[in-house]
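See structure below.
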């Protein structure tokens, strides 16, 4: 472990004395330091070396990030409080194996698949993302949603089970008309708004 990674771990550990706190800076499994990424000291990360996280990411208090089977969180994402992102599930295997579950190293009906969260996506508090979830860039996941499957760029996703209920570009167009000075920042990652989202 390099010095920067050790420093970040110590800072996260020491911050626990003051209760839930956002801790700036993260060192990815490949050793890259992400100075603008902030994770709560109460966020739990399974297999952090498999977490492909980018900079300018925010992960709130009491979130669970399961990277055991591959988790990508692209630049600028915000993950709300009490959110769970999972890349494995034993919901069927536990019933099939019963007491033999703990004695079986390689299980059938044990579902594993990576999760991908596209750039500048917002995942609301208490949402759950199941194995195999793919969110495009600029998505908005409503609080308490149960998300599975693939959703395109700019999808507004809500419900249990979650479905696409809108397109964030409709909201973005209105806000950019109110604040035109923000258009260059928006277009730097999203590109220009297409005419058909008005």
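Here residue 138 fulfils each of the conditions (1) on the phi > 0 side of the Ramachandran plot; (2) modelled with pLDDT under 95 apart from (2).
Residue-by-condition table, conditions (1) modelled with pLDDT under 90; (2) surrounded by fewer than 18 Cβ atoms within 10 Å (Cβ to Cβ); (3) farther than 20 Å from residue 117 by Cα; (4) touching a helix residue (DSSP H, G or I) at 6+ places or on another chain (Cβ under 6 Å):
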| site | (1), (2), (3), (4) |
| --- | --- |
| 9 | yes, yes, yes, no |
| 18 | yes, yes, yes, no |
| 21 | yes, yes, yes, yes |
| 40 | no, no, no, no |
| 53 | no, no, no, no |
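Return the residues of the range 172-192 that are touching a residue at least 12 places away in the same chain (Cβ under 8 Å) and under 30 Å from residue 114 (Cα atoms); say none if nothing qualifies.
Within the range 172-192, the subset touching a residue at least 12 places away in the same chain (Cβ under 8 Å) is 172-173, 176, 186, 189-190.
Correct list: 172, 186, 189, 190.
Is it true that some residue in the range 143-160 is in contact with a helix residue (DSSP H, G or I) (Cβ under 7 Å, 6 or more places away or on another chain), surrounded by 14 or more Cβ atoms within 10 Å (Cβ to Cβ) and either without any contact (Cβ under 8 Å) to a residue 12 or more places away in the chain or in a helix (DSSP H, G or I) (or both)?
no
Just one of (1) exposed (fewer than 14 other Cβ atoms within 10 Å of the Cβ); (2) under 16 Å from the mean Cα position of the chain (by Cα); (3) in contact (Cβ under 8 Å) with a residue 24 or more places away in the chain fails for residue 44. It is (3).
Every condition in (1) within 16 Å of residue 88 (Cα to Cα); (2) in contact with a strand residue (DSSP E or B) (Cβ under 8 Å, 6 or more places away or on another chain) is met by residue 154 except one, and the failing one is (1).
Here's the yes/no breakdown for (1) without any contact (Cβ under 8 Å) to a residue 40 or more places away in the chain; (2) more than 14 Å from residue 129 (Cβ to Cβ); (3) touching a strand residue (DSSP E or B) at 6+ places or on another chain (Cβ under 7 Å):
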position: 18; (1), (2), (3): yes, yes, no
position: 26; (1), (2), (3): yes, yes, yes
position: 39; (1), (2), (3): yes, yes, yes
position: 48; (1), (2), (3): yes, yes, no
position: 70; (1), (2), (3): no, no, no
position: 94; (1), (2), (3): yes, yes, no
position: 103; (1), (2), (3): yes, yes, no
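Looking only at the range 176-198, count every residue that is modelled with pLDDT of 95 or more and surrounded by 13 or more Cβ atoms within 10 Å (Cβ to Cβ) and tell me the total. Total meeting the criteria: 5. Entry remark, the range 114-133: residues being touching a strand residue (DSSP E or B) at 6+ places or on another chain (Cβ under 8 Å) and part of a loop (DSSP other than H, G, I, E, B) number 9 in total. The selection criterion, being surrounded by fewer than 19 Cβ atoms within 10 Å (Cβ to Cβ), in contact with a strand residue (DSSP E or B) (Cβ under 9 Å, 6 or more places away or on another chain) and under 19 Å from residue 121 (Cα atoms), holds for residue 84. When residue 108 is tested against the conditions (1) at pLDDT below 95; (2) surrounded by 15 or more Cβ atoms within 10 Å (Cβ to Cβ), the lone failure is (2).
The values are calculated or read from the model by the stated rules, or taken from the named source; none is laboratory data. Every value quoted in this text rests on a predicted model; they were computed, and no experiment measured them. As a convention, Cβ positions derive from the backbone with ideal geometry for all residues, glycine included, and neighbour counts pool all protein chains shown.
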